[in-house]
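Remarks on the structure that follows.
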Amino acid sequence: MSLPHISIAYPRWIRRYVDRDYLDLSPSRVLPMAVLLVYGVTVGLVFNTGIDHPYDKLQHLVFFGLLTLAIHALFCCRLRISAGVAMLAGLAGEGVQALTPHHHASLLDVAANSVGVAIVVAAIMLVRAETRIAEEEAVASEGVPAPVQSAAGVLVSSSSVSPSSSS
């Protein structure tokens, strides 16, 4: 028995931003981020977990690494946006903690957040580079012309690009 496809109707103004900014608001991409945000708010602001240094920093590192991956999926693989949003979330979280009684903001927490984001960004960049190299080697070994990216970002066959069409 297969599960029915869930289709969510968004208001027109949300759909316009989704189409323009390459957001994917499907439940499979939104749910991991929602779970991480609930976890972050409850552990970071509601409860005082009592996790001490260095495990607190490890928790920051892992949480912001996972948050970067979730944001990366939501923004359809826009790495700069993903990293920027994750960093802003870390800074905002520390700012809220600075204003909340019985909590404190820490530059070491911001550093741990940044390291978590940086590790994930580096891993994604490494995987992308390895994939690109493998694709280029496969194209070169087959003797097939490599695809060319047009100005609009669309991949086209290099045989379909005429010398006169380039400016």
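The values are calculated or read from the model by the stated rules, or taken from the named source; none is laboratory data. Keep in mind that what you see is a predicted model, and the values were worked out from it rather than measured. Only protein heavy atoms, including side chains, enter the accessible area calculation; ligands, DNA and RNA are left aside. Shrake-Rupley method; radii C 1.70, N 1.55, O 1.52, S 1.80 Å.
Quick one: in the stretch 34-61, of everything that is at pLDDT below 85 and polar (S, T, N, Q), which residue is farthest from S106 (Cα to Cα)?
Ranking the candidates gives T42 first.
For the subset of the stretch 110-138 comprising residues that are under 21 Å from D56 (Cα atoms) and among the polar types (S, T, N, Q), which member is least open to solvent (accessible area, probe 1.4 Å)?
Looking at residues that are under 21 Å from D56 (Cα atoms) and among the polar types (S, T, N, Q), I get N113.
Which of the residues that make up the stretch 88-109 are open to solvent by 50 Å² or more (accessible area, probe 1.4 Å) and either at pLDDT 85 or above or part of a helix (DSSP H, G or I) (or both)?
Within the stretch 88-109, L88, L91, A92, V96, A98, L99, L107, L108 meet the criteria.
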